[in-house]
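First up is the structure itself, then whatever we jot down about it.
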Amino acid sequence: MVELYGKALSRRDIAAHAGAFSQFAGVRLMTLGDGVERGIRMLEFRSGTGLRFTVLVDRALDIADCEYRGMAIGWNSPAGFKHPGLAEYEGEGGLAWLRSFSGLMVTCGLDHILFMNDEPGDTYVYGPRKTISHSLQGRIGTIPGKLSGYGEEWRGDDCVLWCEGVVTQGTVFGEHLELLRRIEIKAGTNDIRLTDRVINRGFYKTPHMYCYHINIGHPVLAENARYLAPVKEVVWAAHAGDNYRKQDVGYRTMPAPQLNFHEQVWQHELVAHGSGEVPVALVNDELGIGLEIVTRKDQFPCMYEWQNLQAGQYALGIEPSTNHVLGHTAARERDELIWLEHGDERRYDSLFRILTDDAAIAESERRIRALCAQPDEEFPQPTGNHIPIRGR
């Protein structure tokens with residue numbers, strides 16, 4: 001049954017009330033037509049609850065806009081949803097990725113995440129390519145996808161809205177990795193499910209690193225918004241040391257937009273449910289709205305918290321990752337880098353749950369606290385305990 005306007009309706013009931021299901025919910029394909037976004041194919045999802053989100057087919061099928069009953073969930077940066085043809089991956093010393101950085105979710109990878117890095121290129125058996133130069137957060141987020149399909153799938157009286165696509169990151173004498181992505185949501189609900197498969201289609205042994213940059217904006221992010229997570233310990237903070245309290249912003253409670261704020265990044269060690277799931281949320285108690293992200297500890301063993309609280313760029317990032325924040329070189333040295341041979345595959349299953357009222361926020365907090373009571377203090381001392389990860 002589909003829950004619409006407080007009633008559980010069968011497929012027949014819905015058909016009796018309108019000539020097309022799209023009156024209530026659906027997925028449609030459109031093309032943006034102006035400015036830096038011109039030419040980007042975009043899928044618009046409406047679940048029938050007041051939840052609307054968009055998927056950028058031509059930017060790795062990442063989730064761009066997200067709103068619930070007119071309240072924004074996701075983040076729009078000044079860069080806009082730039083067409084991939086305008087991306088400058090290697091520009092500005094590797095920082096040009098920031099000029100294409102916007103949206104609720106930006107995928108990072110497939111062979112590199114985090115800051116710029118040069119790694120040995122010997123695995124590709126090509127003399128002129130002695131090193132592989134990586135820019136910030138990898139290439140995948142600005143590669144167009146090939147749309148495999150989208151639409152409505154009725155399963156009895158339940159309807160699933162879905163899309164699927166393939167994104168290929170490949171070159172000659174280098175990596176040939178493929179991202180297969182499926183996004184779906186059951187009509188009448190607020191739970192977005194994301195399933196990714198990363199496959200090595202090439203015949204070179206290839207490194208794999210992966211991260212989701214999930215960016216929450218105002219009004220979910222606002223003064224006194226709370227970060228909820230089963231934090232066993234704060235492992236690392238980029239600003240630790242003499243500057244730890246300099247900006248007077250801790251990990252737990254968010255301030256209003258700040259002037260001249262320098263980004264803060266934390267890594268937390270989180271406790272997983274017995275099923276392997278790890279929930280993290282940002283909630284606004286005043287408005288009764290929030291976003292909970294659920295990932296799997298065996299797929300994403302690490303979690304970062306990104307605070308960009310600068311006025312005009314105000315965002316909070318939840319970042320599940322395959323590797324510690326220490327970076328690419330450290331992953332190699334610690335034998336934690338994932339290596340994919342031909343045909344090897346890694347799968348990632350995630351849930352984006354919109355918390356639509358006080359009761360949903362309370363239930364999310366209950367689930368999280370049942371796993372671990374996070375530190376009450378805003379500035380827990382980082383332990384530096386980067387638990388070894390088995391490279392696979």
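Scan the range 96-130 residue by residue and report those that are open to solvent by 60 Å² or more (accessible area, probe 1.4 Å) and within 24 Å of the chain's Cα centre (by Cα). Working first, answer last.
Filtering the range 96-130 down to residues open to solvent by 60 Å² or more (accessible area, probe 1.4 Å) leaves 98-99, 115-116, 118, 120, 122, 125-126, 128-130.
L98, R99, F115, M116 - these are the residues of the range 96-130 that are open to solvent by 60 Å² or more (accessible area, probe 1.4 Å) and within 24 Å of the chain's Cα centre (by Cα).
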#### Entry: Residue in the range 150-168 that is open to solvent by 10 Å² or more (accessible area, probe 1.4 Å), in contact with a strand residue (DSSP E or B) (Cβ under 6 Å, 6 or more places away or on another chain), small (G, A, S) and under 26 Å from A87 (Cβ atoms) present
no
### Summary
Note on the range 187-221: residues among the aliphatic types (A, V, I, L, M) and part of a loop (DSSP other than H, G, I, E, B) are A187, M209, V220, L221
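Suppose the filter is in contact with a Phe, Trp or Tyr (Cβ under 6 Å, 6 or more places away or on another chain), hydroxyl-bearing (S, T, Y), in a loop (DSSP other than H, G, I, E, B) and at negative phi; does Y126 pass it? Step through it out loud before you land on a result.
Details: in contact with a Phe, Trp or Tyr (Cβ under 6 Å, 6 or more places away or on another chain): yes; hydroxyl-bearing (S, T, Y): yes; in a loop (DSSP other than H, G, I, E, B): yes; at negative phi: yes.
When the stated conditions are applied, Y126 passes them.
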### Message
Of everything in the range 32-51, what is surrounded by fewer than 14 Cβ atoms within 10 Å (Cβ to Cβ) and within 19 Å of L104 (Cα to Cα)? Give them in sequence order.
### Response
none
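Which members of the range 267-276 meet the condition of being on the phi < 0 side of the Ramachandran plot and either free of Cβ contacts under 8 Å to residues at least 24 places away in the same chain or within 16 Å of the chain's Cα centre (by Cα) (or both)? Explain how you work it out, then say what you get.
Restricting attention to the range 267-276, the residues satisfying the condition of being on the phi < 0 side of the Ramachandran plot are 267-275.
Q267, G274, S275 - these are the residues of the range 267-276 that are on the phi < 0 side of the Ramachandran plot and either free of Cβ contacts under 8 Å to residues at least 24 places away in the same chain or within 16 Å of the chain's Cα centre (by Cα) (or both).
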### Query
Name the pairs whose Cβ atoms lie under 6 Å apart, with the first residue in the range 114-138 and under 21 Å from T168 (Cβ atoms) and among the polar types (S, T, N, Q), the second assigned to a loop (DSSP other than H, G, I, E, B) and open to solvent by 10 Å² or more (accessible area, probe 1.4 Å), and 6 or more positions between them or separate chains?
T123/Y204; T123/K205; S135/Y89; S135/E90; S135/M116
### Task
From D62, D13, D58, grab the single residue that is open to solvent by 20 Å² or more (accessible area, probe 1.4 Å) and of a type in the set (D, E).
D13
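Of these, A360, A370, which one is at negative phi and open to solvent by 30 Å² or more (accessible area, probe 1.4 Å)? Give the steps one after another, and end with the answer.
On the way: A360 fails: open to solvent by 30 Å² or more (accessible area, probe 1.4 Å).
Criteria check complete, one pass: A370.
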### Task
Taking G70 as meeting all but one of (1) without any contact (Cβ under 8 Å) to a residue 24 or more places away in the chain; (2) open to solvent by 20 Å² or more (accessible area, probe 1.4 Å); (3) touching a strand residue (DSSP E or B) at 6+ places or on another chain (Cβ under 9 Å), write down the number of the exception.
(3)
### Task
Could you please tell me which pairs satisfy a Cβ distance under 7 Å, a separation of 6+ or placement on different chains, a first residue in the range 357-374 that is in a helix (DSSP H, G or I), and a second residue that is among the charged types (D, E, K, R)?
I361/D285; S364/E292
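Checking the conditions here, which among V160, V235 is out of contact with any Leu (no Cβ under 8 Å at 6 or more places or on another chain), outside any loop (DSSP other than H, G, I, E, B) and either among the aromatic types (F, W, Y) or farther than 25 Å from H112 by Cβ (or both)? Let's see the steps before the verdict.
Details: V235 fails: either among the aromatic types (F, W, Y) or farther than 25 Å from H112 by Cβ (or both).
Checking each option against the conditions leaves just V160.
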### Test set (1) of a type in the set (D, E, K, R); (2) buried (at least 19 other Cβ atoms within 10 Å of the Cβ); (3) within 18 Å of the chain's Cα centre (by Cα); (4) closer than 30 Å to A15 by Cβ - K186 fails condition number
(3)
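With the condition being touching an Asp or Glu at 6+ places or on another chain (Cβ under 6 Å), I'd like the strands (runs of 3 or more DSSP E) fully within the range 16-123 carrying at least 1 qualifying residues.
Values: elements: 26-31, 41-46, 51-56, 62-68, 105-108, 117-120.
Of the strands (runs of 3 or more DSSP E) lying wholly inside the range 16-123, those with at least 1 residues that are touching an Asp or Glu at 6+ places or on another chain (Cβ under 6 Å) span 26-31, 41-46, 51-56, 105-108.
The values are calculated or read from the model by the stated rules, or taken from the named source; none is laboratory data. These numbers were taken from a predicted model, which means no experiment stands behind them. Cβ sites come from the backbone with ideal geometry, for glycine too, and all protein chains shown count toward neighbours. Note: areas computed on protein heavy atoms with side chains; ligands, DNA, RNA excluded. Shrake-Rupley method; radii C 1.70, N 1.55, O 1.52, S 1.80 Å.
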